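Asks: I have a structure I would like to understand better, so I am pasting it below and will then ask my questions one at a time.
The values are calculated or read from the model by the stated rules, or taken from the named source; none is laboratory data. This one's a predicted model, so the numbers in the text were calculated from it and none came from an experiment. Glycine gets a Cβ as well: all are built from the backbone with ideal geometry, and neighbour counts include every protein chain shown.
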Amino acid sequence: MKVKFKKEIFIFIAFFFITLSWSKFFIYNGLQNYLEYTGLFFILFGIYVRHFGKKDIKKIILLIIVMFFFSIGLILQNMDVSKKVNAIISMFILASIAIIPCKYINKFDTYLGIEKAIISGLVLSTILSFIFRINIITGASEGIIVKWGFDAGLEHRNYLSYVLLSLFLIEYMKLKLGETKSKYALFVVFLFILSTNSRSSFIILFLFLVTSNINKIRVLKHKKMVTLFLVCVFLVLAGVPALQIMRNKSETFHFRFNGLYNYLHMFSDNMKYMLFGNLKIAYGNSNMSYDENIRSIIGWDGSTELVIFNVLIKNGLIGFIGYFLIFRNYVKTSLKLHNEKLKIIAFAIIICFIISSFVESYVANINHLFTVFIYLLLANISKIDANIGKGNEISL
């Protein structure tokens, strides 16, 4: 009982701190990095301070290979050594959480503790915003119906929307795996997601609900390969035109795609930059932020939010091999899951997480709670499956 208590406390503190790290109150008081890295430290502690078995050796080998592709570009880039070390450490944290199982998570019940931590963090952030008169509304240049969205005192409504998506996924899994009462909580979380007025999260949520319920089509229930093929066809036929429309019709998405376009226009002829990255442009002026430095080079008419752009700058094309290996591992693991409902949910999450890279930077940015949550979930999905067994019910 004592061990269980410690596990719950560690994982609670980790997600509680990571949630609060994006609170405007703590950002204004210069505490964001302390909270964020304390939370990440607790997760890394659960990953590495434990006994490693034979199954973990394959994971460690995969981590070493992935880190090679993540780091080689950074090592070869011509920039300050301290900047290289910081970038490599951030990539190591991402790869560790994405690949190595965490000892705190050995059954689905652990995610109930994560859920409580996130909710507690959001409630405290909102209370602090009221006490210190910090705005809890973020403007929306292209909002739906209204031009604002609820942010719960976090830096931006988009960030809150993806934090809420994490809660939605927990409640959705509870509902699918046997907890019928979760449908009410699911509806409440859905309403809060709507209140953020974040279109990218609406798109990802819609795609998740479609892909996680594709097996409901009667004809496809016993034809897994046909189902998988049709999911891929659907994503191509619906996704490519949707991205094109977003780029041409939406100022926000056009702004994001423009950053990538401008970078490719300027540096596509430089094979070294394309292969190994060009992170030095993010640190040209110490008085400017990471984003401002890059935009001052590529143009102020584009942003740095797309994952493809982030990886090209930080790791180069060779860095994509590392991400490919991570997601390839997720697909192989998901195919081996015994619980069919969990298997479908796992594939839906993988698909939607990859698609999110076309609208947000979460896949390549370990600083966000949604990123930590998804990587941690997918890295530990087989342990959750083993706890559930081959049945469809979970014990809560």
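Asks: Identify, from the list ASP269, ASP291, the residue that is assigned to a loop (DSSP other than H, G, I, E, B), out of contact with any Gly (no Cβ under 6 Å at 6 or more places or on another chain) and surrounded by fewer than 22 Cβ atoms within 10 Å (Cβ to Cβ).
Replies: From the options ASP269, ASP291, the qualifying one is ASP269.
Asks: Related question: If we keep just the residues of region 83-118 that are of a type in the set (S, T, N, Q) and at pLDDT 90 or above, which is surrounded by the fewest Cβ atoms within 10 Å (Cβ to Cβ)?
Replies: ASN86
Asks: So, one more: Any residue in region 49-60 that's at pLDDT 85 or above: show its pairings with residues that are part of a helix (DSSP H, G or I) at Cβ separation under 8 Å, as long as the two are six or more apart or on different chains.
Replies: LYS59/ILE99
Asks: Output yes when any residue across region 131-151 is under 19 Å from GLU36 (Cα atoms) and at pLDDT 85 or above, and no when none is.
Replies: Within region 131-151 (the criterion being under 19 Å from GLU36 (Cα atoms) and at pLDDT 85 or above), the answer is yes, since at least one residue qualifies.
Asks: Another one. I'm told ASP301 meets every condition in (1) at pLDDT below 90; (2) over 30 Å from LEU31 (Cα atoms); (3) in a helix (DSSP H, G or I) except one. Can you identify the failing condition by its number?
Replies: In the conditions (1) at pLDDT below 90; (2) over 30 Å from LEU31 (Cα atoms); (3) in a helix (DSSP H, G or I), ASP301 misses (3) alone.
Asks: Just checking, which of LEU20, LEU35, LEU62 is more than 28 Å from GLY121 (Cα to Cα) and surrounded by 18 or more Cβ atoms within 10 Å (Cβ to Cβ)?
Replies: Selected residue: LEU62, the only one of LEU20, LEU35, LEU62 that is more than 28 Å from GLY121 (Cα to Cα) and surrounded by 18 or more Cβ atoms within 10 Å (Cβ to Cβ).
Asks: Next question. Could you list, in sequence order, all residues of region 145-197 that are aromatic (Phe, Trp, Tyr), within 27 Å of PHE132 (Cα to Cα), in a helix (DSSP H, G or I) and in contact with a helix residue (DSSP H, G or I) (Cβ under 6 Å, 6 or more places away or on another chain)?
Replies: TYR162, PHE192
Asks: Could you please let me know if LEU63 is in a helix (DSSP H, G or I), touching a Lys or Arg at 6+ places or on another chain (Cβ under 6 Å) and touching a residue at least 12 places away in the same chain (Cβ under 8 Å)?
Replies: Taking the combined requirement at face value, the residue does not satisfy it.
Asks: Answer yes or no as to whether PHE257 is free of Cβ contacts under 8 Å to residues at least 60 places away in the same chain and either under 17 Å from LYS84 (Cβ atoms) or touching a Lys or Arg at 6+ places or on another chain (Cβ under 7 Å) (or both).
Replies: yes
Each row is one residue, and each column tells you yes or no for (1) at positive phi; (2) small (Gly, Ala, Ser); (3) out of contact with any Phe, Trp or Tyr (no Cβ under 8 Å at 6 or more places or on another chain); (4) without any contact (Cβ under 8 Å) to a residue 12 or more places away in the chain.
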position: ASN106; (1), (2), (3), (4): no, no, yes, no
position: LEU112; (1), (2), (3), (4): no, no, yes, no
position: SER120; (1), (2), (3), (4): no, yes, no, no
position: VAL123; (1), (2), (3), (4): no, no, yes, yes
position: ARG133; (1), (2), (3), (4): yes, no, yes, yes
position: GLY139; (1), (2), (3), (4): no, yes, no, yes
position: ALA152; (1), (2), (3), (4): yes, yes, yes, no
position: TYR159; (1), (2), (3), (4): no, no, no, no
position: TYR162; (1), (2), (3), (4): no, no, no, no
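Asks: Right, here's the next one. I'd like the full set of residues that are farther than 11 Å from ILE11 by Cβ and either of a type outside the set (A, V, I, L, M, F, W, C) or over 19 Å from the mean Cα position of the chain (by Cα) (or both), limited to region 110-131.
Replies: SER120, GLY121, VAL123, LEU124, SER125, THR126, ILE127, LEU128, SER129, PHE130, ILE131
Asks: Would region 368-385 turn up any residue that is at pLDDT below 90 and closer than 19 Å to VAL163 by Cβ?
Replies: no
Asks: For region 321-334, which positions are in contact (Cβ under 8 Å) with a residue 12 or more places away in the chain and hydrophobic (A, V, I, L, M, F, W, C)?
Replies: Across region 321-334, the qualifying residues are ILE321, LEU325, ILE326, PHE327, VAL331.
Asks: Tell me which residues, restricted to region 274-291, are under 23 Å from the mean Cα position of the chain (by Cα) and not polar (S, T, N, Q).
Replies: GLY277, LEU279, ALA282, TYR290, ASP291
Asks: While we're on this one: State whether one or more residues within region 359-380 are closer than 30 Å to SER23 by Cβ, surrounded by 19 or more Cβ atoms within 10 Å (Cβ to Cβ), free of Cβ contacts under 8 Å to residues at least 60 places away in the same chain and out of contact with any Lys or Arg (no Cβ under 6 Å at 6 or more places or on another chain).
Replies: So far as region 359-380 goes, yes, one or more of its residues are closer than 30 Å to SER23 by Cβ, surrounded by 19 or more Cβ atoms within 10 Å (Cβ to Cβ), free of Cβ contacts under 8 Å to residues at least 60 places away in the same chain and out of contact with any Lys or Arg (no Cβ under 6 Å at 6 or more places or on another chain).
Asks: Could you tell me which residue of region 348-363 is nearest to PHE206 (Cα to Cα), considering only residues that are modelled with pLDDT of 90 or more and of a type in the set (Phe, Trp, Tyr)?
Replies: PHE353
Asks: Another question about this same structure. Give me the pairs: first residue in region 290-306 and among the aromatic types (Phe, Trp, Tyr), second residue at pLDDT 85 or above, beta-carbon distance under 6 Å, and six or more apart or on different chains, which are they?
Replies: Short answer, once both residue conditions are applied: TYR290/ALA282.
Asks: Could I ask something else about it? State which residue is nearest to PHE257 (Cα to Cα) when the search covers only region 336-370 and only residues that are within 10 Å of the chain's Cα centre (by Cα), outside any helix (DSSP H, G or I) and of a type in the set (S, T, N, Q).
Replies: SER361
Residues checked against (1) charged (D, E, K, R); (2) more than 23 Å from PHE206 (Cβ to Cβ):
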site: LEU306; (1), (2): no, no
site: LEU312; (1), (2): no, yes
site: VAL331; (1), (2): no, no
site: SER334; (1), (2): no, no
site: LYS343; (1), (2): yes, no
